[in-house]
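The values are calculated or read from the model by the stated rules, or taken from the named source; none is laboratory data. Computed from a prediction, not measured in an experiment: that's the story for all the values here. We place every Cβ from the backbone using ideal geometry, glycine too, and count neighbours over all the protein chains shown. For the accessible areas, the whole protein counts, side chains as well, though only heavy atoms, and no ligand, DNA or RNA atoms are used. Shrake-Rupley method; radii C 1.70, N 1.55, O 1.52, S 1.80 Å.
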Amino acid sequence: MERLKAGRLYTILGALCFAALIALWVIFKIRWSGTEHQVVLMGDSVVGNQFHNGGPVDEVLSEKLGMEVQNAAFGGSSVVAFNEGLWESLGEEAFSFEALVNSIILRDFSVQDAAIERNTAVEYFPERLEELEETDFTRVDILVICFGANDYANQVSPDIFEQVLGDCIERLQSAFPELTIYISSPVFNYLTRDGEQIFCDSGEWGEYLLEEYVVREQRVAEKYGVYFIDNYHDSVINAETIYDYTINGDGLHLEQEGREVLTDSIAEAILKNTD
């Protein structure tokens, strides 16, 4: 009788262990299934602005990837913190990549919260920041970084740009070793000053060309073993076509066809390297 009870107990325990293993296997498959990847998009207004006809960049990219894409981009932001224009009112460029990376790792967004309390002019910032604060980066699979245009516009030293970008990626890799990172470069653009359109390859905007920041991004990608997407050299958006791909020909912000071009290159890179 005792032997029979023991046999039943072992059978039950075995069944429970088997069920537990099946449950763990299912969780693992769900977590790492190619259709369940979570992608976070960080950058400036080129990818952050939600008020474009044809759908925001994250929605367009999500459709192409078949993955959830979270938009964590903030207009006007850069890799390197600077304090100029709008950002003077926000305080110490709380939404720069370096500031956001620090907050993500520390899980402390008090700097950004305080900045928003002082200035609510950018209407989508509060909701987007709240989503970012709730994001568990230990469960994020892919991070796409889309900066450089504002660092160029503000003529940040390329040496400092490269150093800060590299430091940010190194910190993210240390904090989230399972995170796959893509650096997506800016596309060709022009900026306007005193009513004059100044193309990014003319040398008339300042000491540094936009291409210099793209080159630095590629160097950082190679140094830290992350993926690099060259939208500057490899895109159909150039000096001859820029008016066709930007909103009202503003030279920087992409309209629907421009967003299709940008998301095509990002999606192609991710799908190529995703099981």
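Taking Cα pairs under 8 Å and at least six residues apart, what relative contact order does segment 135-240 come out at, in percent?
Details: 140 pairs, mean separation 36.4, N = 106.
The value is 34 percent.
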Please give the peptides 239-249, 141-151, 65-75, 100-110 ranked by average Cβ packing (other Cβ atoms within 10 Å per residue), highest first, as a rough proxy for protection.
141-151, 65-75, 100-110, 239-249
For segment 90-185: accessible area per residue (Å², 1.4 Å)
41
